[in-house]
Amino acid sequence: MKSSVSLRESSGSGRARALVSLTTTELAAALRERQVTAVEALEAFLTRARQHNPALNAVVTWDEARARQRAEAADAALARGELWGPLHGVPFTVKDAFSTEALRTTSAHPLFAEHVPARDATAVARLKAAGALVFGKTNLPPFAGDFQTDGPLFGRTNNPHDLARTPGGSSGGAAAAVAAGLTPFELGSDIGGSIRLPAHCCGVVGIKPTENRVSTVGHIPDMPGGPRHVRHMACVGPLARSVADLRLILSLIEGADPLAPEVPPVAPLGAAKPRARQGLRLAWTDTLGPFQADRETRESFQRFTAAARAEGVVVEQAVPAGQDVADLVEVWGLMQGGEVGAPLPPPAREGYQQQFLPHESDRLARAILQGTRLDMAGYGAALSRRDAHIALLEDFLSGWDAWLVPVAMSAAPVHTPFGGPVDVDGAPRGYLEALGGFTCLFNATGSPVVVFPLGRTSAGLPVGAQLVGRRWADGALLDVAEALWPLGGGVRWPEAFTP
């Protein structure tokens with residue numbers, strides 16, 4: 001998606017197209033070098049967002065006036081020789097689950113339709129401190145609780161590659177906005193695949209960091225001002241247009257938070273350490289336990305691994321010996337239901353359960369329901385089962401640089417009611433299994449995962465892949481992703497949204 005037009009040589013509409021085509025890393029450099037002003041960059045993205053958002057419904061709240069004030073201040077500061085940080089003057093949008101000071105934050109739920117927080121979520125505050133400026137909030141399902149993006153407050157978000165299809169969820173508005181060039185990057189969240197599935201569906205890159213690498217303080221569905229019940233599996237990470245962007249943004253939001261004592265003072269990511277493809281060790285699979293990707297996804301994996309092998313990568317189809325995937329799914333559901341559903345007051349808990357009750361044949365739905373009924377002894381037992389799965393996966397990954405796994409059973413499906421069947425090679429599959437079966441596993445293990453485009457289907461839809469690494473080795477995983485992701489063709493514009 002990199003612009004082929006030089007900013008120094010372009011003007012007018014051509015310059016605006018060049019600006020919105022830059023990656024975050026490129027745009028930040030252009031701003032620091034004063035090739036472009038923050039005001040000009042902001043106006044280019046605002047103009048494009050206003051033009052294309054009606055078709056997508058990705059941006060649901062705007063903050064144009066304050067963003068313009070912040071952009072003017074950024075330009076004035078740079079003129080004085082002051083640099084606010086690595087993202088000085090870079091505009092961006094934020095998933096509406098993250099609290100934003102003095103800007104409506106709803107988590108797409110009618111209960112919070114007029115909620116205006118007094119402070120930013122920790123990750124948002126850190127991005128602002130690095131010089132970035134927020135100009136809007138993006139759509140999600142209510143309380144980030146679906147693998148699609150639709151709800152009573154803002155309606156449905158559409159996939160820029162095919163408006164009849166979902167962008168995924170819950171960071172669906174975020175991924176659609178990045179893919180269509182409405183924003184250079186986004187801040188997403190992920191407890192079961194909510195960064196990774198939208199990145200896959202929309203053909204962009206994203207990272208779910210190691211659990212607790214980034215603070216989740218200020219993220220709803222934890223109720224503002226109330227107890228923080230969601231203590232495991234939920235992760236905060238960026239969606240963007242290049243792996244270099246992911247590293248830059250993650251490096252700014254990671255690290256200890258006094259408001260979240262479970263977040264440790266991690267060793268900083270630091271600069272990339274370029275890895276040659278020759279000699280990299282890559283395990284891969286297109287099937288995990290009861291989950292198998294569809295024919296076109298499997299073909300994409302075959303093409304990608306063949307290309308990697310031709311570049312000198314050691315490639316082997318492998319899975320962890322002895323890992324019971326069905327049990328790992330159950331552990332995820334027990335924790336999800338136990339931390340998200342069980343703490344709700346009785347009427348709300350019953351409503352949470354009701355959405356899953358009709359779908360108990362789906363493994364994920366059945367496990368979530370079990371989680372809402374857990375007592376502390378049962379929850380402790382689930383955590384112990386989790387520990388065993390983490391140890392097994394870490395041992396497997398110690399023999400590889402990374403593990404390549406599908407994101408979902410298929411490319412982006414057509415918009416489907418919650419719980420409705422998802423078509424996989426002409427056969428109906430359970431909704432949650434088809435969309436979240438491959439992703440929830442790595443929330444349960446807390447592993448870092450980078451998603452990047454692997455190729456396209458015959459209909460032109462993006463197919464992504466999960467690149468899984470060892471816990472706390474996020475930097476090394478990004479190094480491997482940087483080496484491998486060009487083999488998939490990189491991030492490509494949706495045809496109808498090419499600048």
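The values are calculated or read from the model by the stated rules, or taken from the named source; none is laboratory data. As the structure is a computational prediction, the values presented were derived from the model and not from experiment. Ideal geometry is used to build each Cβ from the backbone, glycine not excepted, and the neighbour counts take in all protein chains shown.
What number of residues within the range 256-287 are outside any loop (DSSP other than H, G, I, E, B) and within 30 Å of Ala123 (Cβ to Cβ)? Summing the residues that are outside any loop (DSSP other than H, G, I, E, B) and within 30 Å of Ala123 (Cβ to Cβ) in the range 256-287 gives 2. In the set Ala180, Ala199, Ala164, Ala175, only one residue is under 15 Å from Glu495 (Cα atoms) and either touching a Leu at 6+ places or on another chain (Cβ under 9 Å) or among the aromatic types (Phe, Trp, Tyr) (or both); that residue is Ala180.
Just one residue in the set Gly337, Gly341, Gly312 is more than 23 Å from the chain's Cα centre (by Cα) and either on the phi > 0 side of the Ramachandran plot or surrounded by 12 or more Cβ atoms within 10 Å (Cβ to Cβ) (or both); that residue is Gly312. Evaluated against (1) in contact with a Gly (Cβ under 7 Å, 6 or more places away or on another chain); (2) crowded, with 20+ Cβ neighbours inside 10 Å; (3) not aromatic (Phe, Trp, Tyr), Leu404 falls short on exactly one condition, (1). Against the list (1) among the small types (Gly, Ala, Ser); (2) farther than 17 Å from Thr24 by Cβ; (3) in contact with a Gly (Cβ under 9 Å, 6 or more places away or on another chain), the condition Ala175 fails is (2).
For every residue, the table says whether it meets (1) among the hydrophobic types (A, V, I, L, M, F, W, C); (2) surrounded by fewer than 17 Cβ atoms within 10 Å (Cβ to Cβ).
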site	(1), (2)
Val214	yes, no
Gly237	no, no
Leu248	yes, no
Gly255	no, no
Pro265	no, yes
Gly270	no, yes
Ala318	yes, yes
Ala326	yes, yes
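Looking at Gly464, Gly475, just one residue is out of contact with any Asp or Glu (no Cβ under 8 Å at 6 or more places or on another chain), at pLDDT 95 or above and not in a strand (DSSP E or B), and that residue is Gly475.
Looking only at residues in the range 447-490 that are closer than 14 Å to Leu280 by Cβ and of a type in the set (D, E, K, R), the one that is surrounded by the most Cβ atoms within 10 Å (Cβ to Cβ) is Asp479. Within the range 382-390, is there a residue that is touching a residue at least 40 places away in the same chain (Cβ under 8 Å), of a type in the set (Lys, Arg) and more than 24 Å from Phe147 (Cα to Cα)? Scanning the range 382-390, I find at least one residue that is touching a residue at least 40 places away in the same chain (Cβ under 8 Å), of a type in the set (Lys, Arg) and more than 24 Å from Phe147 (Cα to Cα), so the answer is yes.
The residues of the range 164-180 that are among the small types (Gly, Ala, Ser) and either buried (at least 24 other Cβ atoms within 10 Å of the Cβ) or touching a helix residue (DSSP H, G or I) at 6+ places or on another chain (Cβ under 9 Å) (or both), listed by number, are Gly168, Gly169, Ser170, Ser171, Gly172, Gly173, Ala174, Ala175, Ala176, Ala177, Ala179, Ala180. Looking across the range 213-255, the residues that are assigned to a loop (DSSP other than H, G, I, E, B) and either among the acidic types (Asp, Glu) or under 24 Å from Gly85 (Cα atoms) (or both) come down to Arg213, Ser215, Thr216, Val217, Gly218, Asp222, Arg241, Ser242, Gly255. Just one of the listed residues (Gly270, Gly279, Gly312) is farther than 18 Å from Ala465 by Cα, of a type outside the set (A, V, I, L, M, F, W, C), out of contact with any Asp or Glu (no Cβ under 8 Å at 6 or more places or on another chain) and modelled with pLDDT under 95, namely Gly270.
To keep it simple, each residue is scored yes or no on (1) acidic (Asp, Glu); (2) within 23 Å of Glu72 (Cβ to Cβ); (3) at pLDDT below 95.
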| position | (1), (2), (3) |
| --- | --- |
| Ser11 | no, yes, yes |
| Val20 | no, yes, no |
| Ala44 | no, yes, no |
| Pro54 | no, no, no |
| Ala58 | no, no, no |
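Scan the range 107-134 residue by residue and report those that are surrounded by 22 or more Cβ atoms within 10 Å (Cβ to Cβ), aliphatic (A, V, I, L, M) and part of a loop (DSSP other than H, G, I, E, B). Of everything in the range 107-134, those that are surrounded by 22 or more Cβ atoms within 10 Å (Cβ to Cβ), aliphatic (A, V, I, L, M) and part of a loop (DSSP other than H, G, I, E, B) turn out to be Ala108, Ala121, Ala132. Can you find, within the range 39-86, the residue that is nearest to the chain's Cα centre (by Cα) among those that are in a loop (DSSP other than H, G, I, E, B) and closer than 28 Å to Asn158 by Cβ? Looking at the filtered set, the residue picked out is Ala58. Restricted to helices (runs of 4 or more DSSP H) entirely inside the range 306-397, those with at least 3 residues that are within 22 Å of Asp286 (Cβ to Cβ) are 325-336, 376-397.
Does the range 135-148 hold any residues that are in contact (Cβ under 8 Å) with a residue 40 or more places away in the chain and surrounded by 24 or more Cβ atoms within 10 Å (Cβ to Cβ), and which are they? Hits for the range 135-148 are Phe135, Gly136, Lys137, Thr138, Asn139, Leu140, Ala144, Asp146, Phe147, Gln148.
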